[in-house]
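Accompanying notes for the structure given below.
The values are calculated or read from the model by the stated rules, or taken from the named source; none is laboratory data. Not measured: the values here are computed from a predicted model. No Cβ is skipped: glycine too gets one built from the backbone with ideal geometry, and neighbour counts run over all protein chains shown. Accessible surface areas use protein heavy atoms only, side chains included; no ligands, DNA or RNA. Shrake-Rupley method; radii C 1.70, N 1.55, O 1.52, S 1.80 Å.
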Amino acid sequence: MKCIIVGAGDFSGFVRPKESTDILIAADAGYDYCIAAGVCPDIVIGDFDSRGSAPAADGQKDKPEIITVPCEKDDTDLHLALHKGMEMGFDHFDIYGGLGGRRFSHTMANIQILAELSETGKQGILYGKDIYITSVTDGAVSFDSNETGILSVFSLSDISEGVTISGAKYLLNDAVLKNTFGLGVSNRFIPGQRAVVSVRKGTLLIVNETAAE
């Protein structure tokens with residue numbers, strides 16, 4: 001059971017299909033991505049500055065709940081969509097349309113969302129074209145043995161202690177990562193091996209660039 005959120009950044013399609021127990025929330029122009037993909041969101045939330053107006057949802061079999069918010073606010077539309085999902089009791093979030101786009105500031109805000117989720121015992125995954133990003137706090141993330149591409153690990157907290165990377169080309173054991181130095185950049189998955197990234201104390205950002213050479 002997961003909450004799927006679609007924002008107005010770059011969108012290259014859904015990685016995993018929506019199950020009957022999932023909920024799909026579109027943030028602003030993320031609605032248009034959903035409709036183009038042939039999926040009607042359950043909820044649409046935003047100030048609708050990206051698409052010009054709130055969706056009319058005319059002619060749709062299942063009309064979404066539409067929540068309009070002011071343009072001047074503390075949270076981004078995607079952040080509001082996230083908190084709507086959290087209010088509904090979801091712990092896992094697949095986030096699309098949260099990378100790239102016209103504004104790097106929104107990408108950075110969405111990376112911070114991953115940290116917020118992991119620090120509250122939840123998980124979020126940001127999906128983009130040939131990339132996905134997640135975060136872990138005081139815990140571990142494991143990868144299937146068929147993962148490919150570049151694995152990079154960064155500290156989002158000032159200091160992350162007890163960082164261990166196993167099953168990858170470059171290993172770490174009980175290391176310290178700082179948010180001022182990219183020691184964990186450009187590692188590689190090893191075909192047939194299950195990579196695990198863990199941290200004893202701190203918050204890590206984990207990036208898998210799946211098509212990287």
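What does the helix-only formula give at 222 nm for the chain: each DSSP H stretch with n ≥ 4 adding -39500 (n - 2.57), the total divided by the residues, and the result rounded to the nearest 500 deg cm²/dmol?
-5000 deg cm²/dmol
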Less than 17 Å apart at the alpha-carbon level, and either on another chain or at least 8 residues along: which aspartates and glutamates does that give for K84? D22, D28, D42, D47, E65, D74, D75, D94, E116
Kirkwood Rh for the chain from C-alpha pairs, in Å, is 17.9
Could you tell me the distance between the Cα centroids of the range 71-120 and the range 5-52, to the nearest Å? 13
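Take the residue pairs K2/K129; K18/K178; K122/K201 and return only those whose Cα atoms are more than 25 Å apart.
Details: K2/K129 21 Å; K18/K178 37 Å; K122/K201 16 Å.
Flagged as over cut-off: K18/K178.
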Taking a 1.4 Å probe, which of L80, L126 shows the most accessible area, and what order do the others take after it? L80, L126
Rg (Å, one decimal) plus Dmax (Å, integer) for the alpha carbons of the range 102-213? 13.1, 39
Can you find, among A8, I131, I23, the residue sitting farthest towards the positive end of the charge dipole of the chain, where Lys and Arg contribute +1 and Asp and Glu -1 at Cβ? I131
With a cut-off of 8 Å between alpha carbons and a minimum separation of six or more residues, what is the relative contact order of the range 13-121 in percent? 21
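In terms of solvent-accessible area of protein heavy atoms at a 1.4 angstrom probe, what is the ranking of T203, T148, T137, highest value first? Walk me through the numbers on the way to the answer.
Working: T203 5, T148 80, T137 35 Å².
The ordering from most to least exposed comes out as T148, T137, T203.
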Return a whole-number percent for the relative contact order of the chain, with Cα pairs under 8 Å and 6 or more residues apart as the contact set. 19
Compare the Cα positions of V176, C34, S50 along the charge dipole of the chain (+1 at Cβ of Lys, Arg; -1 at Cβ of Asp, Glu; about the Cα centre) and return the one farthest towards the positive end. V176
Rounded to the nearest 10 Å², the accessible area of I67 at probe 1.4 Å: 40
Note the full-extension length gain between S166 and D75 as 0.36 nm times their separation in residues minus their Cα-Cα distance, in nm to one decimal. 29.1 nm
Okay, which of the range 35-51 sit inside 13 Å, backbone N to the point 7 Å along the Cα-Cβ direction of T68? 45-49
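When the dipole is taken about the Cα centre of the chain, and only Lys, Arg (+1) and Asp, Glu (-1) are charged at their Cβ, what size is it in debye, to the nearest 20?
560
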For the range 20-131, max minus min Cα coordinate along each principal axis, in Å, sorted largest first? 41, 32, 30
May I ask you to list the trypsin sites (Lys or Arg not before Pro) in the range 145-213 that are in a DSSP loop and have at most 15 other Cβ atoms within 10 Å of their Cβ? K169, R194, R200
Placing one equal point scatterer on each C-alpha of the range 100-149 and summing with Debye, one gets log10 I(q)/I(0) at q = 0.18 Å⁻¹ equal to -0.66
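Among bridges DSSP assigns within the chain, what percent are antiparallel (round to 5)?
Working: 32 of 52 bridges.
The answer is about 60 percent antiparallel.
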